[in-house]
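Encoded as structure tokens, the structure appears first; notes follow it.
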């Protein structure tokens, strides 16, 4: 048995993680906008963008590996919702991989900003769906795991 306390407010953890990811995306978007006027700002932009991408990918990996199996085990009727959420994760992973190529190819900041804008729209739609559909289930979820492994860094 783990040293993790039995009672974790998974709903709160999820909402906090989403808020942190929204802030990370906003920082990356701001870096892209600011880079348009700064010569050789690609290194700073690369750090913001890679930080956001790594955080979003880690969040989704934790959900796929730990959170979603627990939700389906305890709430089998949520399997359809979890399948949709996993499909969203796959789509966003593809978009993140494409974005990584754009970042590494030294595209102009405006191209990066456009990719981030598209990713932001999809991410926000996914987060809202996930929050709406899973929140009621998460308040009752029994999952003995480290919140950082399940949801991402706190």
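The values are calculated or read from the model by the stated rules, or taken from the named source; none is laboratory data. For clarity, every value in this text was computed on a predicted model and none was experimentally measured. In this analysis, Cβ positions are derived from the backbone assuming ideal geometry, glycine residues included, and neighbour counts consider all displayed protein chains.
Things to note:
Residue-by-condition table, conditions (1) within 14 Å of the chain's Cα centre (by Cα); (2) at pLDDT 85 or above; (3) over 22 Å from residue 111 (Cβ atoms):
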{"position": "11", "(1), (2), (3)": "no, yes, yes"}
{"position": "14", "(1), (2), (3)": "yes, yes, yes"}
{"position": "19", "(1), (2), (3)": "yes, yes, yes"}
{"position": "31", "(1), (2), (3)": "no, no, no"}
{"position": "37", "(1), (2), (3)": "no, no, no"}
{"position": "42", "(1), (2), (3)": "no, no, no"}
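- The lone exception for residue 106 - which of (1) part of a helix (DSSP H, G or I); (2) over 24 Å from residue 153 (Cβ atoms); (3) more than 17 Å from the chain's Cα centre (by Cα) it fails: (1)
- Within the option set 49, 53, being assigned to a helix (DSSP H, G or I) and modelled with pLDDT of 85 or more holds for one residue only, 53.
Residues are listed down the side, and each one gets a yes or a no for (1) surrounded by 19 or more Cβ atoms within 10 Å (Cβ to Cβ); (2) in contact with a helix residue (DSSP H, G or I) (Cβ under 7 Å, 6 or more places away or on another chain); (3) not in a helix (DSSP H, G or I):
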residue: 101; (1), (2), (3): no, no, no
residue: 115; (1), (2), (3): yes, yes, no
residue: 128; (1), (2), (3): no, no, no
residue: 144; (1), (2), (3): no, no, yes
residue: 152; (1), (2), (3): yes, yes, yes
